[in-house]
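Below: one structure, written as structure tokens.
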Amino acid sequence: MTQKRPSIYYRPNKPLTIPVRPRQDPPQLDELKAPEVIAVDKFTECHVTPDPVAARMVGYLGAQGDYLTLEPSAGTGQLARALIASGHSTCELTMIERHNTLAAKLRAIGPTINRCFLEYAEEVKGRAQFPRIIMNPPFKQVRAHIEAALSLLGRGGHDEPATLVALVPVTFQHDEDEELETLPPDTFAAASVHTKIIRIRR
């Protein structure tokens with residue numbers, strides 16, 4: 001007698017149970033933030049200093065110390081950020097920027113004066129002195145801005161020479177300047193001016 005095999009489709013008259021693991025919430029992911037896009041109005045004459053250039057300019061200023069440092073026409077704050085990254089204190093940093101929107105953003109970095117630098121320099125001449133000045137002035141008014149900055153350059157009680165480092169067009173000349181390096185022609189995408197870095201010590 002042949003024994004009948006149970007049907008593989010036969011289900012006993014009882015509920016089926018399936019082992020289920022408890023659900024675990026997924027780990028929290030860090031919120032992704034889009035990098036800030038810095039839109040520079042063409043009328044500001046602001047040419048943003050590339051990070052590597054800014055870092056080298058800070059290096060040319062000399063060793064860090066308790067030096068009051070001025071950044072005229074600070075723009076987007078590239079030079080100020082390089083100063084802070086090198087260990088410079090924001091308490092000793094003064095930025096000047098006449099463009100309202102740019103000045104508002106600079107206040108998140110450090111003390112900022114929302115004024116035309118040429119007017120500011122004329123007003124505080126003889127009353128303010130900065131042992132360190134780092135600048136990327138408007139190319140069309142480079143001579144006026146360098147002269148205004150030099151009127152504020154002074155040792156301020158320090159033994160070390162007062163030092164100004166500036167990024168200027170290659171055609172700029174000054175009796176006291178030391179040419180440190182000539183920058184590649186494509187340093188500024190929005191400007192066809194060839195530039196260099198100079199230093200003046202007093």
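Observations, loosely collected:
- Taken over the range 152-181, the criterion of being loosely packed, with under 12 Cβ neighbours inside 10 Å and closer than 24 Å to residue 62 by Cβ is satisfied by 157, 159, 173, 175, 176.
- Matching residues, the range 156-177, being under 17 Å from residue 66 (Cα atoms) and either touching a Lys or Arg at 6+ places or on another chain (Cβ under 7 Å) or modelled with pLDDT of 95 or more (or both): 161, 162, 163, 164
- Sole exception among (1) more than 11 Å from residue 70 (Cβ to Cβ); (2) of a type in the set (Gly, Ala, Ser); (3) buried (at least 18 other Cβ atoms within 10 Å of the Cβ) for residue 144, by number: (3)
- Wholly enclosed helices (runs of 4 or more DSSP H) of the range 71-147 bearing at least 1 residues in contact (Cβ under 8 Å) with a residue 60 or more places away in the chain and either over 17 Å from residue 168 (Cβ atoms) or within 14 Å of the chain's Cα centre (by Cα) (or both): 100-106
- Candidates 176, 181, filtered to the one that is touching a residue at least 60 places away in the same chain (Cβ under 8 Å) and among the acidic types (Asp, Glu): 181
- The lone exception for residue 91 - which of (1) within 30 Å of residue 200 (Cα to Cα); (2) at pLDDT below 90 it fails: (2)
The values are calculated or read from the model by the stated rules, or taken from the named source; none is laboratory data. On a predicted model such as this, the values are computed, not experimentally measured, just so you know. Glycine also receives a Cβ, built like all others from the backbone with ideal geometry; neighbour counts cover every protein chain displayed.
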